[in-house]
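Participant: This structure is in structure tokens; I'll ask about it shortly.
The values are calculated or read from the model by the stated rules, or taken from the named source; none is laboratory data. The model shown is predicted, which means the values in this text are computed figures rather than measured ones. Cβ atoms come from the backbone with ideal geometry, glycine included; neighbour counts cover every protein chain shown. Ligands, DNA and RNA are stripped out before the accessible areas are found, and what is left, the full protein with its side chains, is counted by its heavy atoms. Shrake-Rupley method; radii C 1.70, N 1.55, O 1.52, S 1.80 Å.
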Amino acid sequence: MKLKQLEGLLGELQQFSAPKVELEQYPTGPHIASRLIHTAENTFGDITGKIVADFGCGCGTLGIASALLDAEHVVGVDVDPGSLEIASENAEQLEVSIDLVWCDIRNLSWKGKCIDTVVMNPPFGTRRKGVDMEFLSMALQVASGAVYSLHKTSTREHVKKAALQSFNAATAEVLCELRFDVPQMYKFHKKKEVDVAVDLWRFLPQSVSRAC
Amino acid sequence: MRLLTHNMLACNVKGVVNGYPLRLEAEVVAERPADFNADFLRHIFARIDWKAFVGAARSLPEEHAVADLPEDAEPSMLASEDFLRRFHHALLELHVEKGALVCPETGRRFAIDKGIPNMLLNEDEV
Ligand SMILES: C[S@@+](CC[C@H](N)C(=O)[O-])C[C@H]1O[C@@H](n2cnc3c(N)ncnc32)[C@H](O)[C@@H]1O
């Protein structure tokens with residue numbers, strides 16, 4: 001599937017109807033989401049025919065994009081049941097099949113490295129400090145292939161250090177820097193849209209470098 | 001929820017040691033065709049806990065229960081298209097829409113509703 005076509009389809013998805021501030025619920029827009037998944041597949045071959053998990057899947061954008069690029073099996077996880085219902089409707093709308101699990105990422109208990117690729121746009125940790133690193137830590141525990149994630153550019157050094165030293169990643173690489181418009185959905189945002197510089201990361205878990 | 005997802009999940013309550021596999025109590029199952037991909041099945045085989053998988057497949061309500069998968073499987077079976085087709089069907093085409101997952105150690109139940117297992121924990125379980 002062409003990038004433009006993927007972006008177009010993602011633009012049709014329904015997004016959070018009543019976003020919860022404390023969970024940092026804002027969607028990954030179709031522009032960024034399509035590029036993230038398209039890059040993961042076209043540059044690295046990490047989506048098609050793979051088992052993909054979408055952590056903090058919200059309304060399912062990244063997981064559904066993976067399914068559209070022929071991931072064999074997709075599992076979306078979110079702590080908010082309302083978003084999962086929207087994700088389920090979105091998948092049906094685009095005629096793809098994804099599994100959904102209602103769970104807090106911190107309490108996931110999955111068997112070994114059962115996932116090939118984790119894709120995620122975790123909360124940045126502006127509401128509850130450290131939640132972004134909890135997502136990354138868990139992603140590197142379940143992924144045998146690669147982890148794609150978005151983090152604020154201002155935290156680049158911290159992310160790199162945590163991934164390599166604390167979470168035992170083999171590599172941590174910034175693929176590109178993006179502008180992320182966080183729409184004014186929360187009262188504490190004074191401006192209409194807040195433009196945040198965000199890095200698209202690719203992490204490899206340790207076992208990969210040993211196996212190859 | 002497909003059986004592939006079931007194969008990955010363990011009981012996540014704090015302190016539980018033998019929380020795998022979760023016993024599947026399926027009430028409603030839907031069948032939805034998925035593209036057959038032999039390479040994927042060969043790729044995933046080593047990662048599947050076969051005992052848990054067959055146990056879940058056999059436990060499904062009568063009209064969906066899978067009886068034609070062997071108790072034990074070995075890599076040599078992956079050469080058989082017939083075996084791969086059955087493996088594919090049970091792993092990827094059966095969706096548990098309603099039911100529960102039950103922890104083998106504590107009996108803790110995780111409800112499955114609209115295909116979504118609820119693995120959210122209570123405060124005293126984390
Ligand atoms: C920034 S949004 C991204 C949503 C979606 N992945 C997307 O790309 O449009 C973060 C998501 O993480 C979820 N979330 C926040 N904390 C979580 C936690 N501890 N466990 C699981 N999900 C969580 C929120 O409900 C929200 O859907």
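Participant: Using the alpha carbons of chain A, what is the convex hull volume per residue in cubic angstrom, as a whole number?
Facilitator: So the per-residue hull volume is 112 Å³.
Participant: If you take every residue apart from A:D54 with its C-beta less than 11 Å away from the C-beta of A:D54, what net charge results, scoring Lys and Arg +1 and Asp and Glu -1?
Facilitator: Taking every other residue near A:D54 into account, the sum is -2.
Participant: A further question follows. Give me the residues in the stretch B:82-126 whose solvent-accessible area, probe 1.4 Å, is reduced by at least 50 Å² once all protein chains are included instead of the chain isolated.
Facilitator: B:I116, B:L120
Participant: Given labels modelled 7 Å from the Cα in the Cβ direction, how far is it in nm from A:K161 to A:A18?
Facilitator: Going from the A:K161 label point to the A:A18 one covers 4.1 nm.
Participant: Here is a further query. Just tell me which aspartates and glutamates come within less than 14 Å, Cα to Cα, of A:K113; anything on the same chain fewer than 8 places away is out.
Facilitator: Qualifying aspartates and glutamates at Cα under 14 Å: B:D49.
Participant: If you don't mind, there's one more thing I want to ask. Roll a 1.4 angstrom probe over the protein heavy atoms and tell me the percent of accessible area of the stretch A:34-175 that is carbon or sulfur.
Facilitator: 43 percent
Participant: Return the long-range amide H neighbours of A:F44 (sequence gap of 5 or more, or a different chain), with a cut-off of under 5 Å between placed amide H atoms.
Facilitator: none
Participant: Where in chain A is the longest stretch that carries no trypsin sites (Lys or Arg not before Pro) classed as loop by DSSP and with at most 10 other Cβ atoms within 10 Å?
Facilitator: Longest gap between qualifying sites, sites excluded: A:3-128.
Participant: Compare A:T39, A:T117, A:T126, A:T48 by solvent-accessible area with a 1.4 Å probe and give them largest first, with all protein chains kept in place.
Facilitator: Ranking A:T39, A:T117, A:T126, A:T48 by accessible area, largest first, yields A:T126, A:T48, A:T39, A:T117.
Participant: Taking a threshold of 18 Å on the Cα-Cα distance, which of the pairs A:K111/B:K114; A:K20/B:K98; A:K111/B:K14; A:K111/B:K51; A:K50/A:K152 fall above it?
Facilitator: Violating the 18 Å limit, Cα to Cα: A:K111/B:K114; A:K20/B:K98; A:K50/A:K152.
Participant: Let me ask you something else. Which net charge results when you count Lys and Arg as +1 and Asp and Glu as -1 among the other residues whose beta-carbon is under 10 Å from that of B:K51?
Facilitator: -3
Participant: So, taking all protein chains as they sit and a 1.4 Å probe, how much accessible area belongs to B:M119, in Å² rounded to tens?
Facilitator: Taking all protein chains as shown, B:M119 has close to 10 Å².
Participant: Within chain A, what is the longest stretch that has no GluC sites (Glu not before Pro) placed in a DSSP loop and near at most 12 other beta-carbon atoms within 10 Å?
Facilitator: Segment A:96-212 is the longest.
Participant: Sticking with this structure for a sec: Using only the alpha carbon atoms of the stretch A:13-106, find the Kirkwood hydrodynamic radius as the inverse mean reciprocal pair distance, in angstroms to one decimal.
Facilitator: Result for the stretch A:13-106, one decimal place: 13.1 Å.
Participant: Another question, if that's okay. Test of understanding: given chain B, find the longest segment containing no GluC sites (Glu not before Pro) that are in a DSSP loop and have at most 12 other Cβ atoms within 10 Å.
Facilitator: In short, B:1-61.
Participant: Could you state the accessible area per residue of the protein assembly as shown in Å², with a 1.4 Å probe and every protein chain left in place?
Facilitator: The answer is 45 Å² per residue.
Participant: Pop the C-beta distance of B:T106 and B:V28 into the FRET formula with R0 = 22 Å and round what comes out to the nearest 0.05.
Facilitator: E(calc), rounded to 0.05, equals 0.30.
Participant: Can you pull the one-decimal nm distance between simple spin-label points at A:E85 and B:N18, each 7 Å off the Cα toward Cβ?
Facilitator: 3.9 nm
Participant: A further question on this structure: With a ≥ b ≥ c taken as the square roots of the eigenvalues of the C-alpha gyration tensor of the stretch B:1-97, please select rounded if a/c is under 1.5 and otherwise prolate if a/b is larger than b/c or oblate if it is not?
Facilitator: Note, shape of the stretch B:1-97 comes out oblate.
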